[in-house]
Amino acid sequence: MRGKREQSRWSIRNLWKGFYLITMVVVISVLIAAFMLSNRALQLEAAQNSRTMLDGYISQLDQQLIFAESQLYQLAVVMADNQELIRITEPNEQYFLRRQMKENMQEVLAVNQVVNGIWYYRPKGPGITYLETSSNLTDYAEAVGIKKSVESLNLESIPSEWFFREIRGKEYLFRMMRRNDSYLGMWIQADVILDTLTNFNTEEGNALFLCDQSGKLVEGNDNSIMEEMRVISREEENQVQTVNGEKYIQVSAQSDPGKFWVASVIPMKTVLKNVSIVKSLMYALVVLLVILFAGSILLTEQLFYKPFRILLGHIGRMRTGDLNTHIQETGNSREFVEIFVNINRMQDDIRKLKIDNYERQIQEEKTKRQFLQMQIKSHFFMNCLNIIYSLAELQNYSLIQKMDMCMVNYLRYLARKEDEPVNIEQELEHIRNYMEIQELRYPDRFSYEI
């Protein structure tokens, strides 16, 4: 029962180690949690800043797109009202008509800085079939490519909003309207939109992309990321994605009139560039805590556990009766040295008291034995003299001699030195003398046999 109770008790050594370990784990966990929260806060801040930038840009771009759509609609109305003139086939009249139509288109183009070009297309019937005007950003090869792209469009199912179209390896944002048997449209170069967005982007290292309604990347300023990601997910905002072994924060915003998305991909290392010092400090602090933990264990081992073990071992030896061995008083704290000195003194006092008590008991026993022996000797001697006297009256000289010899031998045994060893033969002889004396004392009433 006692063993089970001792096993159920906690060890001070284990309690201290557990306390140090739990404290270290808690502190390190708090540091890691604080670092992760700070990283998360920086990610959210960077995403929010990028979101604010995108929203500001998208708001201005939407206003320009809405204004461009309204201008395109007005131009389509004007051209619809002049359908009969557009069908003119006479060369001179058609020349002036083309010039007038181009002037109208250039007026619309002049008030829409975001638009790169406007085109008119009438696939069937006499008169003008195709006419376009563009800004100085569009060269001849691009103009030819746009014309071929317009002529290849499925005019039966033209989109009612802006849409992306690839021409000669470049992406363009198109908007088309139909009036009677004629089509009117405008285009914006995707890289022009992206360049304008770059002016709003003040964060170093950010990658910017244009995406269609499905999230597919159509234009970007970082080809390596574009080739790897290909599609921007819009299900969750502020997503963290890994591209080419690097982590990026993704933020996107939609253009309502354009029905396309603008995405900003922020390198995580850019967001956390100011945290690297904090991270290094945290690692150093964790290492320092581990060193302090190990040092605390060793220091506690030397200052407390080792003296405790020495003390417990010495107490165990004292319990078994070893009072001669002293505790070493060097190499410990002042308090334990003082305890050891007092225990050694107490041990010396106990040993001295024990020796004194033992010697006193021996002396008492010796005195008592001597006293009893003296009583036995005097009483026994008187009885023997009485027996000799009685035998003398009877003139039984042989028994008197025997009695006298037994008394001499008996008294000689008693008079020996106390520390002198006695063998069995002497002891038996002493017993025989005593028994013969008793036999002479009580004749016919006492007999013995050895």
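The values are calculated or read from the model by the stated rules, or taken from the named source; none is laboratory data. All of these numbers come straight from a predicted model, not from anything done at the bench. Cβ atoms come from the backbone with ideal geometry, glycine included; neighbour counts cover every protein chain shown. Note: areas computed on protein heavy atoms with side chains; ligands, DNA, RNA excluded. Shrake-Rupley method; radii C 1.70, N 1.55, O 1.52, S 1.80 Å.
Where residues in the range 419-442 are over 20 Å from Phe381 (Cβ atoms) and at pLDDT below 80, which of them is least open to solvent (accessible area, probe 1.4 Å)?
Among residues in the range 419-442 that are over 20 Å from Phe381 (Cβ atoms) and at pLDDT below 80, the one least open to solvent (accessible area, probe 1.4 Å) is Glu420.
Would you please name the residue that is modelled with the highest pLDDT, looking only at residues in the range 246-278 that are among the polar types (S, T, N, Q) and more than 25 Å from Asp195 (Cα to Cα)?
Ser276
Note down all Cβ pairs under 7 Å where the first residue falls in the range 84-112 and is modelled with pLDDT under 85 and of a type in the set (Phe, Trp, Tyr), the second is in a helix (DSSP H, G or I) and surrounded by fewer than 18 Cβ atoms within 10 Å (Cβ to Cβ), and they're at least six residues apart or on different chains.
Close Cβ pairs (under 7 Å, with a partner that is in a helix (DSSP H, G or I) and surrounded by fewer than 18 Cβ atoms within 10 Å (Cβ to Cβ)) do not exist here.
So which of Gly295, Gly331 ends up being under 30 Å from Thr23 (Cα atoms), assigned to a loop (DSSP other than H, G, I, E, B) and either open to solvent by 70 Å² or more (accessible area, probe 1.4 Å) or at pLDDT 75 or above (or both)?
Unique residue meeting the criteria: Gly331.
Does the range 335-355 contain any residue that is part of a helix (DSSP H, G or I), modelled with pLDDT under 75 and either closer than 30 Å to Ile431 by Cβ or open to solvent by 80 Å² or more (accessible area, probe 1.4 Å) (or both)?
The answer is yes; a qualifying residue exists.
For the range 205-220, check the following and say yes or no: at least one residue is modelled with pLDDT under 80, open to solvent by 50 Å² or more (accessible area, probe 1.4 Å) and under 21 Å from Phe67 (Cα atoms).
no
Identify all residues within the range 176-200 that are open to solvent by 30 Å² or more (accessible area, probe 1.4 Å) and modelled with pLDDT under 75; write none if there are none.
Matches in the range 176-200: Thr196, Thr198, Asn199, Phe200.
Between Ala80, Ala34, Ala47, which is at pLDDT below 80 and loosely packed, with under 13 Cβ neighbours inside 10 Å?
Ala34 is the lone residue from the list that is at pLDDT below 80 and loosely packed, with under 13 Cβ neighbours inside 10 Å.
Assess whether Tyr389 counts as being of a type outside the set (Asp, Glu) and modelled with pLDDT under 80.
no
Could you check Val243 against (1) open to solvent by 70 Å² or more (accessible area, probe 1.4 Å); (2) modelled with pLDDT under 75; (3) β-branched (Val, Ile, Thr) and say which number it fails?
(1)
How do the pairs read when you match residues in the range 396-414 that are within 16 Å of Glu429 (Cβ to Cβ) with residues anywhere that are not in a helix (DSSP H, G or I), using Cβ under 9 Å and keeping only pairs 6 or more apart or on different chains?
Tyr413/Val422
Out of the strands (runs of 3 or more DSSP E) lying entirely within the range 90-191, which hold 1 or more residues that are more than 24 Å from Leu61 (Cβ to Cβ)?
Passing ranges, in order: 117-121, 130-134, 170-179, 182-189.
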